[in-house]
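Each remark here refers to the structure printed beneath this line.
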Amino acid sequence: MLEQKKTISVMIPCYNEEENARPIYEAVRDELRRSCPNYDYEILFIDNKSQDRTRAILREICAEDRHVKAIFNSKNFGQFNSPYHAICQTTGDCTITMCADFQDPVEMIPKFVAAWEEGYKIVIGKKTRSRENPVMYFLRGCYYKLIKKMSSVEMIEQFTGFGLYDKSFVETLRQLHDPTPFIRGIVAELGPERMEIEYEQPQRRAGKTHNNFYTLFDAAMLSFTSYTKVGMRIAEFAGFGIALISFLIGLFYLVAKLVAWDSFAPGYAPTMIAVFFMGGVQLAFLGFLGEYIMAMNTRIMNRPLVIEEERLNFEPAPDAEKELSCV
């Protein structure tokens with residue numbers, strides 16, 4: 001009796017990737033056929049409501065190759081929900097996640113698979129260098145080190161989510177029911193023993209990156225509110241410290257007045273500076289508190305990760321509950 005081939009799933013999220021959609025499909029397909037000929041495969045694209053020709057190109061690819069599947073979201077559900085949902089829809093014995101812009105090298109696929117066959121349930125790519133903007137790479141490094149020091153969970157430096165996940169871990173992801181999933185933190189917190197393979201991140205092949213200050217800040221706040229208490233602890237300690245300093249200054253002024261120290265006339269400037277300083281501190285920590293509350297509110301509402309508009313090349317659609325099994 002012939003042994004059934006194992007299946008490798010490759011999940012690729014898309015948003016306005018008309019210049020990269022077909023090249024990344026061809027590169028992944030050719031790499032799988034060349035380096036992993038003893039495996040079956042599926043390539044799953046999930047499109048986050050692209051506004052260019054990405055969907056038309058994906059339709060063409062799906063019509064040409066039954067190994068390729070596609071999910072079209074009804075709107076843009078963000079950089080975390082959409083890929084997470086797609087991982088949960090894969091059917092392979094392992095799932096490899098990678099971006100469509102070629103910043104995750106397809107040459108890493110056979111390395112991931114080889115480590116997986118050695119017994120590792122998770123194999124991730126860890127950036128050692130990057131050809132992106134050096135300032136951005138430096139700031140990312142500072143962020144990773146900062147969140148690693150402040151988190152109760154050992155965060156993984158220079159890890160973007162690019163890696164291979166065994167089907168047993170994918171099943172764990174399906175059972176989490178987290179409406180605001182942060183895959184990098186989940187891998188560090190819940191993942192079994194993993195192997196880290198270093199690589200140099202190339203430049204984006206074509207098109208413009210969709211990351212900006214807001215999306216990067218959103219990612220930073222999600223990791224802070226999900227895996228640290230440090231924001232609120234800083235607010236507590238700062239509050240106690242400022243209250244103590246204010247008390248000592250007030251005591252000093254009281255003593256100065258009682259001894260009739262007429263020559264001591266500081267004027268209004270220190271008072272105004274203190275008022276504005278305290279106002280700024282209060283607003284900053286109110287904002288931090290708001291981030292935690294917003295994260296809690298999103299989890300309490302427990303909305304679906306995504307709403308699908310269409311599926312291509314899937315088997316006959318399961319019932320609605322199974323279709324959104326990862327929400």
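The values are calculated or read from the model by the stated rules, or taken from the named source; none is laboratory data. Keep in mind that this is a model prediction, so the values were computed, not measured. Glycine gets a Cβ as well: all are built from the backbone with ideal geometry, and neighbour counts include every protein chain shown.
Quick one: would you say D93 is surrounded by fewer than 23 Cβ atoms within 10 Å (Cβ to Cβ), more than 23 Å from P179 (Cβ to Cβ) and in contact with a strand residue (DSSP E or B) (Cβ under 7 Å, 6 or more places away or on another chain)? When the stated conditions are applied, D93 passes them. For I57, are the conditions met, namely being among the β-branched types (V, I, T), in the same structural domain as Q175 (by TED's automatic domain parsing) and under 20 Å from Y165 (Cα atoms)? Considered against the rule, which asks whether it is among the β-branched types (V, I, T), in the same structural domain as Q175 (by TED's automatic domain parsing) and under 20 Å from Y165 (Cα atoms), I57 comes out as no.
Kindly establish whether I96 is assigned to a strand (DSSP E or B), modelled with pLDDT of 95 or more, of a type outside the set (S, T, N, Q) and more than 18 Å from L312 (Cβ to Cβ). So I96 passes the test. Report whether or not K208 is in a loop (DSSP other than H, G, I, E, B), at pLDDT below 85, out of contact with any Gly (no Cβ under 7 Å at 6 or more places or on another chain) and not small (G, A, S). Yes: the conditions hold for K208.
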